[in-house]
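**Q** This structure is in structure tokens; I'll ask about it shortly.
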Amino acid sequence: KLENCRMRKGWGIEMTFNIVCMSGDGIGPEIIAEAKRVLNKVAEKYGHSITYKDILMGGASIDVYGEPLTDEAIEIAKTSDAVLLGSIGGNAAISPWYRISPELRPEAGLLKLRKSLNLFANLRPAYLYEELQEACPLRENVISDGFDMVIVRELTGGLYFGERSTNEMNGMITATDTLSYSEKEIRRIAVKGFETAMKRKKKVTSVDKVNVLDSSRLWRKVVEEVAMDYPEVTLEHMIVDNCAMQLIKNPKQFDVILTENMFGDILSDEASMITGSIGMLPSASLNDTKFGVYEPSGGSAPDIAGKGIANPIATILSAAMMLRYSLGLEKEAEAVEAAVKQILKEGYRTVDIMPQDKSRCSFFKQVGTKDMGRLITEYI
Ligand code: NAD
């Protein structure tokens with residue numbers, strides 16, 4: 001962004017960025033603090049200036065404003081370069097946030113954020129770190145060569161945004177959800193999928209349920225049209241139930257998985273699980289511009305909130321995605337990713353990624369959230 005640039009004596013171009021931070025609930029504030037620490041180090045080392053604006057989101061916003069995300073918060077987010085989001089929500093069995101109407105609960109804030117900022121593309125990399133192979137629940141012969149994929153999920157259409165109703169007629173309650181996609185919605189996410197593949201191994205697996213759903217038949221037709229513009233990319237189609245199996249049987253076959261909202265929701269959680277820990281996986285939600293919302297794939301983990309043991313790596317890697325996609329700082333993003341790899345290589349682990357095999361524990365050093373953030377920062 002040229003308007004963000006100014007020459008700085010002895011440093012070349014200094015960039016100034018405005019980041020909105022929505023720490024959210026549970027472990028959110030703990031993991032966002034570590035991502036900020038890393039970003040501050042990047043800014044210091046590479047001569048940039050990052051300013052943060054903290055905004056309440058989820059349960060934290062309900063407590064103050066009675067709603068999970070205010071219109072004012074959205075307006076502030078729109079004027080920023082990117083949003084760094086922690087996680088929202090609490091334990092539904094005991095939290096008062098789940099005793100209010102559904103459109104005012106924490107998760108409604110996420111849907112409002114996605115819709116208001118037109119964040120139609122969710123990118124979730126699922127990569128098996130060599131150092132974390134033993135945390136992967138799959139057999140060694142399946143993962144010996146690792147895997148490295150990105151799930152490109154449509155985020156503002158389909159079943160989660162279609163019309164819904166619950167009606168009672170003649171004493172029988174019926175609930176209805178609607179799954180609808182327009183050509184335009186499919187085309188723009190397909191373009192993101194193919195563009196992502198062009199920067200990787202140039203393979204797209206488009207996932208649908210073409211044998212049953214009309215929306216999937218349109219999905220397949222439009223994806224094939226978009227594929228014509230990307231002759232270098234190999235396109236294959238896969239039915240969603242088969243994809244769920246293939247992720248476990250042979251995850252290495254995937255490069256980019258392109259899919260609609262609900263299938264992507266389920267498959268990306270499955271993909272995150274086979275990497276070893278949900279605490280390792282970043283995500284980016286993008287619109288047509290360079291703007292994006294960056295957040296870890298996991299939730300607010302109320303079971304460990306406040307204990308100082310949450311893994312901050314997913315959030316730190318989300319900040320790296322933010323540097324790459326929204327701020328255009330590729331080498332800075334690579335520096336963060338390299339630091340994470342190095343710290344893992346040196347044996348530092350948060351509890352969720354500590355090896356189960358106690359005989360190997362002498363090499364590994366268990367650290368808490370803050371120490372993990374500090375170690376990564378120091379390496380940068
Ligand atoms: P969760 O992802 O919060 O937790 C599942 C398990 O993973 C827990 O055992 C938790 O301790 C562990 N975990 C998650 N992140 C971790 C991390 N960084 N380090 C170490 N361990 C980690 O899922 P849940 O328990 O089903 O949901 C809790 C709340 O989070 C719910 O209110 C849910 O709606 C919300 N949620 C929010 C988001 C989001 O903010 N985008 C996403 C998913 C769930």
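Laboratory data are not the source of any read-out in this text; all were calculated from the coordinates shown. Computed from a predicted model, the values in this text were never measured in an experiment. Here Cβ is always computed from backbone atoms with ideal geometry, including for glycine, and neighbour counts include all displayed protein chains.
**Q** Where the second residue is surrounded by fewer than 10 Cβ atoms within 10 Å (Cβ to Cβ) and the first is assigned to a strand (DSSP E or B) and lies in region 152-169, which pairs have Cβ atoms under 6 Å and are six or more apart or on separate chains?
**A** Hits for this filter: Thr166/Ala175; Asn167/Thr174.
**Q** I would also like to ask the following. When the residues of region 33-63 are narrowed to those that are of a type in the set (A, V, I, L, M) and under 19 Å from Ile74 (Cβ atoms), which ends up surrounded by the fewest Cβ atoms within 10 Å (Cβ to Cβ)?
**A** The residue in question is Leu56.
**Q** Can you name every residue in region 197-221 that is within 15 Å of Asn261 (Cβ to Cβ) and in a helix (DSSP H, G or I)?
**A** Answer for region 197-221, where residues must be within 15 Å of Asn261 (Cβ to Cβ) and in a helix (DSSP H, G or I): Ser215, Ser216, Leu218, Trp219.
**Q** Take the residues in region 83-96 that are of a type in the set (Gly, Ala, Ser), more than 7 Å from the ligand (Cβ to nearest atom) and surrounded by fewer than 24 Cβ atoms within 10 Å (Cβ to Cβ); name whichever of them is farthest from Gly59 (Cα to Cα).
**A** Ala93
**Q** Scan region 361-370 and give yes if some residue there is part of a helix (DSSP H, G or I) and out of contact with any Phe, Trp or Tyr (no Cβ under 7 Å at 6 or more places or on another chain), otherwise no.
**A** yes
**Q** Tell me which helices (runs of 4 or more DSSP H) are completely within region 17-108 and hold 1 or more residues being within 19 Å of Ser297 (Cα to Cα), or say none if there are none.
**A** The qualifying helices (runs of 4 or more DSSP H) are 28-46, 59-65.
**Q** Could you grab me the full set of residues in region 97-112 that are crowded, with 16+ Cβ neighbours inside 10 Å and either touching an Asp or Glu at 6+ places or on another chain (Cβ under 6 Å) or not hydrophobic (A, V, I, L, M, F, W, C) (or both)?
**A** Answer for region 97-112, where residues must be crowded, with 16+ Cβ neighbours inside 10 Å and either touching an Asp or Glu at 6+ places or on another chain (Cβ under 6 Å) or not hydrophobic (A, V, I, L, M, F, W, C) (or both): Tyr98, Arg105, Pro106, Glu107, Gly109, Lys112.
**Q** Considering Leu258, Leu247, which residue is more than 14 Å from the ligand (Cβ to nearest atom) and assigned to a strand (DSSP E or B)?
**A** None of the others qualify; the one that does is Leu258.
**Q** If you don't mind, another one. Suppose we keep only residues that are touching a Phe, Trp or Tyr at 6+ places or on another chain (Cβ under 6 Å) and of a type outside the set (S, T, N, Q) within region 307-329. Which one would you say is surrounded by the most Cβ atoms within 10 Å (Cβ to Cβ)?
**A** The residue in question is Met322.
**Q** Then there's this: Quick one: which of Glu295, Glu332 is of a type in the set (Asp, Glu), buried (at least 19 other Cβ atoms within 10 Å of the Cβ), farther than 17 Å from Tyr129 by Cα and away from the ligand (no atom under 16 Å from the Cβ)?
**A** Criteria check complete, one pass: Glu332.
**Q** Would region 176-188 turn up any residue that is in a strand (DSSP E or B), in contact with a strand residue (DSSP E or B) (Cβ under 9 Å, 6 or more places away or on another chain) and without any contact (Cβ under 8 Å) to a residue 40 or more places away in the chain?
**A** yes
**Q** Conditions: (1) more than 30 Å from Lys365 (Cβ to Cβ); (2) surrounded by fewer than 19 Cβ atoms within 10 Å (Cβ to Cβ); (3) within 16 Å of the ligand (Cβ to nearest atom). Leu155 meets all but one. Number of the miss?
**A** Of (1) more than 30 Å from Lys365 (Cβ to Cβ); (2) surrounded by fewer than 19 Cβ atoms within 10 Å (Cβ to Cβ); (3) within 16 Å of the ligand (Cβ to nearest atom), only one is false for Leu155: (2).
**Q** When you look at Thr289, is it within 28 Å of Asn18 (Cα to Cα) and without any contact (Cβ under 8 Å) to a residue 12 or more places away in the chain, yes or no?
**A** yes
**Q** Which count do you get for residues in region 312-329 that are hydroxyl-bearing (Ser, Thr, Tyr) and within 16 Å of the ligand (Cβ to nearest atom)?
**A** 2
**Q** Please determine, by comparing only the residues of region 221-264 that are among the charged types (D, E, K, R) and surrounded by 18 or more Cβ atoms within 10 Å (Cβ to Cβ), which one is farthest from Arg188 (Cα to Cα).
**A** Step by step, filter region 221-264, then rank; the result is Asp255.
**Q** Taking the condition of a type outside the set (Asp, Glu), away from the ligand (no atom under 14 Å from the Cβ) and in contact with a Cys (Cβ under 7 Å, 6 or more places away or on another chain), does Ile186 pass?
**A** Taking the combined requirement at face value, the residue does not satisfy it.
**Q** Follow-up. Gln342: more than 10 Å from the ligand (Cβ to nearest atom) and not in a helix (DSSP H, G or I), yes or no?
**A** So Gln342 does not fit the description; no.
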